[in-house]
Amino acid sequence: MDNADTAAYPLLDTIAEPADLRRLDERSLSALSDELRRFLVESVAVTGGHLGASLGTIELTVALHYVFDTPRDRLVWDVGHQTYGPKILTGRRERMGSMRKSGGLAGFPNRRESEYDTFGVGHSSTSISAALGMALAIRRREEAREAAAAADERGARESAERAAEEAERRRVVAVIGDGALTAGLAYEALNHAGGVRADMLVVLNDNDMSISPNVGAMNKYLARIMSGKLVTGAREGSKKVLGKVPTMLELARRTEEQLKGMVVPCTMFEELGFTYYGPVDGHDVDSLVAVLRNLRDLRGPVFLHCVTEKGHGYRFAEEDPLALHAVTPFDPNTGKALKSGKSNRPTYTKVFGDWLCDAAAADPRIVGITPAMREGSGLVEFEHRFPERYHDVGIAEQHSVTLAAGLACEGLRPVVAIYSTFLQRAYDQLVHDVALQALPVLFAIDRAGVVGPDGPTHAGSFDLSFMRCLPNMTIMAPADENECRRMLATGLAIDGPSAVRYPRGQGPGVEVDERAPPVPVGEGELRLEGTRVALLAFGTMVTPAEALGAELGFTVANMRFVKPLDTALVERLATTHELLVTLEENALPGGAGAAILEHLAAIGSSTPVRLIGLPDEFVEHGSREELLAHCRLDLEGLRARLNALLEAEDTLRRRAVAG
Ligand SMILES: Cc1ncc(C[n+]2csc(CCOP(=O)(O)OP(=O)(O)O)c2C)c(N)n1
């Protein structure tokens, strides 16, 4: 990447939108891909964001936009973390410097951002379903037109004219990674698409990686296709093309050469009703264009198996695709992160990971489960120390929860490490398989509350609301790192489902005592005794509440449990204060404050209560600090809100006295 910042982009400069790309001579596509890749690295080096996946799909991006008539043809990307290249080609190049910043470009496709972003995404494995929906809608429109034409002769003429207009059939393409193909949702969609013989193309972007190395039998199956066993088996007399230890990409090249455009039978995808083509080299843009042109006009469901390399074309990302999956700003010449000036305080993720290892060492019943988030959820060390008790189930949140339920049935103590946003996927499993059967599964819920640059798709705003309504659940929100450890131990000791929800990043910096005892279930604690106003704070809100309580002379309680609520404490505070204010980093509807309101209503308390939490809206992307400020949950916002509440309360009282 030498001289990256002085590099020129002669081809890229000519492209304001994909129509410009389609005017290029085919022979320049390879050079354009190089420019696009160079620009991408240069831009992400400054902003940070998802890098490896976008690098690996550069040629696919160029070829798809070259062959298909986007945005008229629908291109649906899975997860959407690989769409930096597409954003650059679809009129957003100038704004790449604002990537994931407040008010800037979203890190994922977003329908409000561009007509090229056909489907909003961030969570994986939705692309085939969404694309199928589009394909069926297109078919429905075609059928309706034909029916109208048949019913009316004049209509027939008009319809013929319209048909001429619409001569070019609208195509639908889904691009899905091998990681995303570990989710049940993708198979539900394949099953349906094959059954109804939808006109759509599914492109599998197979790089053998999820965030960490991909897992599961399907991954092995894809590798088997790659290694030519299926392919060569299907073709009688074909020469074996395998060398000693060829790379996946090398295999794709050789296999492709051997097949020379013929459709390979016998894959699972064929059995599901798809026309399977591949595997092809996903970095050979010329071949990709040729193949896509052939497939574009096929009717029925078509499956193109592309082999790519995550991080392709940028040495440091090729060498360490895991580290460069998502990055903070870095030096493009070394691939190394620029100094962030962050403190060395442990993150909540680390506190959890350490606790899990210690707990597992003491209790052989403990097993750890992650749906494809080993690094993000802090399970690297656990896998290393307890490989036989570690389960990476792939991007399969639903399965991860029901698997835990099954393990619990047999006497084990499963710990499901999961992001708040991804637990949303497994809601029925949480209700039906765990809570209903009161099984002892501990949920370690990371990234709860405001998350940041990934935006609303990854926000952990709802877990308190969607868990609180479930019978049998114990739900905890730690005020600090040490309490997080204590609560995890508490959850483990409970003979039923429990959850500890903690935020992204670091806590207030409280020292973690390894021997810290569990906390008494259902008991909050008083942190400050003041007058008039009591702040009832949950989780991350305890620290700012304490600071403001000290400043304003208010009582402050660390409520600790969202369920079971410390009703005795709530009642005591209600009878000794003029105003109660609840504080939480969760959506207000159905959240922890609502629990307090419900209880006070049930006992007929007339003490006024005000709720502070996340607003009833999807908060856009930005840094965690910016988003907290936007929600007025930072110290300044909270202070202003408390003062305003107090003023309003005083006015009410004065009026009552005067009246
Ligand atoms: C439902 C869901 N679970 C987890 C994630 C986190 N996640 C983001 S990208 C990714 C790996 C995707 O792998 P793959 O589809 O192969 O794409 P690649 O990054 O390899 O290009 C994961 C697990 C997610 N986005 N959605």
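The values are calculated or read from the model by the stated rules, or taken from the named source; none is laboratory data. Bear in mind that the values here come from a model prediction, so they are computed numbers and not experimental data. So basically every Cβ, Gly included, is an ideal-geometry build from the backbone, and we count neighbours across all protein chains shown.
What pairs come out if I take residues in the range 24-38 that are farther than 15 Å from PRO86 by Cβ and pair them with residues that are modelled with pLDDT under 95 whose C-beta lies under 7 Å away, six or more apart or interchain?
ARG38/ALA4; ARG38/ALA7
What single numbered condition from (1) within 16 Å of GLU585 (Cβ to Cβ); (2) not in a loop (DSSP other than H, G, I, E, B) fails to hold for ASP616?
Condition not satisfied by ASP616: (2).
Which pairs have Cβ atoms under 6 Å, sit 6 or more apart or on different chains, and link a residue in the range 213-233 that is within 24 Å of GLY311 (Cβ to Cβ) and within 16 Å of the ligand (Cβ to nearest atom) to one that is modelled with pLDDT of 90 or more and part of a helix (DSSP H, G or I)?
GLY216/THR182
So, in the range 468-499, how many residues would count as being farther than 15 Å from ALA359 by Cα and outside any helix (DSSP H, G or I)?
Residues in the range 468-499 being farther than 15 Å from ALA359 by Cα and outside any helix (DSSP H, G or I): 17 in total.
Find all pairs meeting these conditions: Cβ atoms under 7 angstrom apart; at least six residues apart or on different chains; first residue within the range 392-411 and in the same structural domain as ILE445 (by TED's automatic domain parsing) and in a helix (DSSP H, G or I); second residue away from the ligand (no atom under 13 Å from the Cβ) and of a type in the set (D, E, K, R).
Close Cβ pairs satisfying both conditions: VAL401/ASP433; THR402/ASP433; ALA405/ASP433.
Residue by residue through the range 314-324, note down the ones that are of a type outside the set (A, V, I, L, M) and surrounded by fewer than 21 Cβ atoms within 10 Å (Cβ to Cβ). First the steps, then the outcome.
Residues of the range 314-324 that are of a type outside the set (A, V, I, L, M), as a first pass: 314-316, 318-321.
Across the range 314-324, the qualifying residues are ARG315, GLU318, GLU319, ASP320.
Provide a single number: the residues in the range 412-440 that are farther than 18 Å from ASP495 by Cα and over 24 Å from the mean Cα position of the chain (by Cα).
The total comes to 0.
Under 8 Å between Cβ atoms, which residue pairs at least 6 apart in sequence (or on different chains) link something in the range 328-345 that is at pLDDT 90 or above with a partner that is assigned to a loop (DSSP other than H, G, I, E, B) and aromatic (Phe, Trp, Tyr)?
As it stands, the answer is GLY335/TYR314, since those pairs meet every condition given.
Run PRO279 past the list (1) at pLDDT 95 or above; (2) buried (at least 18 other Cβ atoms within 10 Å of the Cβ) and report the number of the one that doesn't hold.
In the conditions (1) at pLDDT 95 or above; (2) buried (at least 18 other Cβ atoms within 10 Å of the Cβ), PRO279 misses (1) alone.
Inside the range 509-525, can you point out the residues that are in contact (Cβ under 8 Å) with a residue 24 or more places away in the chain, farther than 19 Å from VAL562 by Cα and loosely packed, with under 15 Cβ neighbours inside 10 Å? First the steps, then the outcome.
Of the residues in the range 509-525, the ones in contact (Cβ under 8 Å) with a residue 24 or more places away in the chain are 509-514, 516-519, 521-525.
Subset that is farther than 19 Å from VAL562 by Cα: 509-514, 516-517.
Residues satisfying the conditions are GLY509, GLU511, ASP513, GLU514, PRO517.
Which condition number does ARG504 fail, the rest of (1) surrounded by 18 or more Cβ atoms within 10 Å (Cβ to Cβ); (2) away from the ligand (no atom under 16 Å from the Cβ); (3) within 18 Å of LEU628 (Cβ to Cβ) being met?
(2) is the only condition that ARG504 fails.
Just give me the residues in the range 282-313 being surrounded by fewer than 24 Cβ atoms within 10 Å (Cβ to Cβ) and within 16 Å of the ligand (Cβ to nearest atom), in sequence order.
HIS283, GLU309, HIS312, GLY313
Listed here are the residues, each with its yes/no results for (1) touching a Gly at 6+ places or on another chain (Cβ under 9 Å); (2) assigned to a loop (DSSP other than H, G, I, E, B); (3) more than 16 Å from the ligand (Cβ to nearest atom); (4) under 30 Å from ASP284 (Cβ atoms).
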{"site": "PHE316", "(1), (2), (3), (4)": "yes, no, yes, yes"}
{"site": "PRO321", "(1), (2), (3), (4)": "yes, yes, no, yes"}
{"site": "LEU324", "(1), (2), (3), (4)": "yes, yes, no, yes"}
{"site": "THR334", "(1), (2), (3), (4)": "no, yes, yes, yes"}
{"site": "ARG345", "(1), (2), (3), (4)": "yes, yes, yes, no"}
{"site": "VAL351", "(1), (2), (3), (4)": "yes, no, yes, no"}
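When only residues in the range 198-256 that are modelled with pLDDT of 90 or more, charged (D, E, K, R) and in a loop (DSSP other than H, G, I, E, B) count, which is farthest from PRO301 (Cα to Cα)?
ASP208
Can you go through ALA640, ALA592, ALA601, ALA557 and tell me which one is in contact with a Lys or Arg (Cβ under 9 Å, 6 or more places away or on another chain) and surrounded by fewer than 14 Cβ atoms within 10 Å (Cβ to Cβ)? If you could, list the steps in order and put the result at the bottom.
Working: ALA592 fails: surrounded by fewer than 14 Cβ atoms within 10 Å (Cβ to Cβ); ALA601 fails: in contact with a Lys or Arg (Cβ under 9 Å, 6 or more places away or on another chain); ALA557 fails: surrounded by fewer than 14 Cβ atoms within 10 Å (Cβ to Cβ).
Step by step, each of ALA640, ALA592, ALA601, ALA557 is checked, and only ALA640 is in contact with a Lys or Arg (Cβ under 9 Å, 6 or more places away or on another chain) and surrounded by fewer than 14 Cβ atoms within 10 Å (Cβ to Cβ).
Looking only at the range 81-109, filter to residues that are touching a residue at least 40 places away in the same chain (Cβ under 8 Å) and within 16 Å of the ligand (Cβ to nearest atom); which one of those is farthest from the chain's Cα centre (by Cα)?
GLY85
Within the range 444-474, count every residue that is of a type in the set (Lys, Arg) and away from the ligand (no atom under 15 Å from the Cβ). So that I can check it myself, show each step before the final result.
Initial filter on the range 444-474 (of a type in the set (Lys, Arg)): 447, 468.
When the remaining residues are screened for being away from the ligand (no atom under 15 Å from the Cβ), the result is 468.
Count: 1.
Is there a residue in the range 112-132 that is part of a helix (DSSP H, G or I) and farther than 26 Å from TYR419 by Cα? Walk me through how you get there before you give the answer.
Of the residues in the range 112-132, the ones part of a helix (DSSP H, G or I) are 127-132.
From the residues that got through so far, the ones that are farther than 26 Å from TYR419 by Cα too are 131-132.
Within the range 112-132 (the criterion being part of a helix (DSSP H, G or I) and farther than 26 Å from TYR419 by Cα), the answer is yes, since at least one residue qualifies.
Could you look through the range 75-102, keep only residues that are of a type in the set (D, E, K, R) and surrounded by fewer than 24 Cβ atoms within 10 Å (Cβ to Cβ), and pick out the one that is nearest to LEU627 (Cα to Cα)? Full working, then the answer.
Of the range 75-102, the ones of a type in the set (D, E, K, R) are 78, 87, 92-95, 100-101.
Still in the running and surrounded by fewer than 24 Cβ atoms within 10 Å (Cβ to Cβ): 92-95, 100-101.
Values: ARG92: 24, ARG93: 25, GLU94: 24, ARG95: 20, ARG100: 12, LYS101: 11 Å.
If we take residues in the range 75-102 being of a type in the set (D, E, K, R) and surrounded by fewer than 24 Cβ atoms within 10 Å (Cβ to Cβ), then LYS101 is nearest to LEU627 (Cα to Cα).
Mind listing whichever residues of the range 459-480 are under 25 Å from the mean Cα position of the chain (by Cα) and buried (at least 24 other Cβ atoms within 10 Å of the Cβ)?
Listed by number, the residues that qualify are ALA459, GLY460, SER461, ASP463, LEU464, MET467, ILE475, MET476, ALA477, PRO478.
Among the residues of the range 527-539, is any over 23 Å from PHE554 (Cβ atoms), away from the ligand (no atom under 16 Å from the Cβ) and in contact with a Leu (Cβ under 7 Å, 6 or more places away or on another chain)?
Here is the first cut: in the range 527-539, the ones over 23 Å from PHE554 (Cβ atoms) are none.
Within the range 527-539 (the criterion being over 23 Å from PHE554 (Cβ atoms), away from the ligand (no atom under 16 Å from the Cβ) and in contact with a Leu (Cβ under 7 Å, 6 or more places away or on another chain)), the answer is no, since none of the residues qualifies.
From the list ALA144, ALA167, which one is part of a helix (DSSP H, G or I), modelled with pLDDT under 95 and surrounded by fewer than 20 Cβ atoms within 10 Å (Cβ to Cβ)? Don't jump to the end; show me each part of the working.
On the way: ALA167 fails: part of a helix (DSSP H, G or I).
Among ALA144, ALA167, only ALA144 is part of a helix (DSSP H, G or I), modelled with pLDDT under 95 and surrounded by fewer than 20 Cβ atoms within 10 Å (Cβ to Cβ).
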